[in-house]
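Written below as structure tokens is the structure these notes are about.
Read-outs: derived from the displayed coordinates by stated rules, not from any lab. Keep in mind that this is a model prediction, so the values were computed, not measured. Neighbour counts are summed over all protein chains in view; Cβ atoms, including those assigned to glycine, are modelled from backbone coordinates with ideal geometry.
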Amino acid sequence: MAAMMPGVEPFRQQSLDLQTHIRSIPDFPKPGIQFRDINPLLRNPAAMNEVIRRLGEICDAVQPDLIVGIESRGFFFGIPLALNRSLGFVPVRKPGKLPGTVIGVDYDLEYGTDRLEIQSDALIGKPRVLVVDDLLATGGTAAAAGALVREAGGQLVGFAFVIELENLAGRSVLPGDVPAASLIRYP
Ligand code: AMP
């Protein structure tokens, strides 16, 4: 179980309520799923600035050397965060997208398996890595990305999510020795 991140306060009263920029769409992409749509957030520069400011506070807490973003919605937040903090950005992608030598990890989905890949020379020099994604649900995707970072030689120092679906307990499958932070939580 990943611990809360010291120095990062998820429920601090904000002047800008980020949750009002997330749209909930029932039964998408299939019946029973309450989809948390980040597109209204992406359309609003003030809200996006606030997201990047708060993700920046997470960087202050864990001092990464670079940001790893998970395809594809992790790129929407990981790249502006990396630029904002003058850090490099490394993508973790679906299979067959990255050229050259890659390292891959397979992980279980509700039905079947999936795979994520990283370029094998992306984390040379043991950089401190913060993994960023839009949303933590069951945690399988983020846990796989964390395993990939370690396999590629990076020091995994934290996970940051814009949204956390607490009822799915994704935090419990993340490594216990690394903190995780989220900005918006649904119980
Ligand atoms: P998981 O591996 O279950 O933690 O799923 C995480 C990934 O699935 C994230 O990258 C999200 O983009 C996506 N995802 C899962 N559940 C939802 C949801 N209810 N609404 C929006 N995206 C979701």
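Across the chain, the mean sequence separation of Cα contacts (distance under 8 Å, 6 or more residues apart), normalised by length, yields a relative contact order of 24 percent. Hull volume per residue, based on the alpha-carbon atoms of segment 146-187 and their convex hull, is 68 Å³. Near D133: Cβ cut-off under 11 Å, other residues only, Lys/Arg at +1 and Asp/Glu at -1. The net charge is -2.
Taking the helices alone, the chain has a mean residue ellipticity at 222 nm of -7500 deg cm²/dmol, built from -39,500 (n - 2.57) per DSSP H run of at least 4 residues and averaged over all its residues. Helices assigned as whole DSSP H runs in the chain whose Cα atoms extend at least 20 Å along their own long axis and whose mean Kyte-Doolittle hydropathy is -1.0 or higher are found at 45-62. When you count the other C-beta atoms within 10 angstrom of each residue and take the mean per peptide, 152-162, 20-30, 49-59 line up highest first as 152-162, 49-59, 20-30.
In this structure the amide hydrogen of V90, modeled in the peptide plane, comes within under 5 Å of the amide hydrogens of I67, V68, G69, none closer than 5 places in sequence on its chain. Across all Cα pairs in the chain, the calculated P(r) in 5 Å bins from zero up to the longest distance comes to 1, 8, 17, 22, 22, 16, 10, 4, 1, 0 percent per bin. Taking every DSSP beta bridge that has both ends in the chain, the antiparallel portion is near 35%. Near E117, once Lys and Arg are set to +1 and Asp and Glu to -1 for all other residues with Cβ below 15 Å from its Cβ, the sum equals 0. A cut-off of 5 Å between modelled amide H atoms, ignoring neighbours fewer than 5 places along the same chain, links S120 with T101, V102, I103. Taking Cβ atoms as reference points and 11 Å as the exclusive limit, the residues near A142 contribute a net charge of -2, counting Lys and Arg as +1 and Asp and Glu as -1. For K126, the aspartates and glutamates whose Cα comes closer than 18 Å to its Cα, not counting residues fewer than 8 places off in the same chain, are D65, E117, E151, D177.
With the gyration tensor restricted to C-alpha atoms of segment 81-147, the semi-axes of the equivalent ellipsoid amount to 21, 16, 10 Å, longest first. For L136, the amide hydrogen comes within under 5 Å of the amide hydrogens of I163, E164, L165, counting only partners 5 or more places away or on other chains and with H modelled in the peptide plane. Rounded to the nearest whole Hz, the Karplus-based 3J(HN,Hα) values (6.51 cos²θ - 1.76 cosθ + 1.60, θ = phi - 60°) of segment 24-36 follow the sequence 9, 10, x, 6, 10, x, 8, x, x, 8, 9, 7, 9, with x at glycine and proline.
The simple spin-label model puts a point 7 Å past each Cα toward its Cβ; for R53 and R115 those points are separated by 4.3 nm. For D106 and D17, the FRET efficiency from 1/(1 + (r/R0)^6), where r spans their Cβ atoms and R0 equals 45 Å, is about 0.70.
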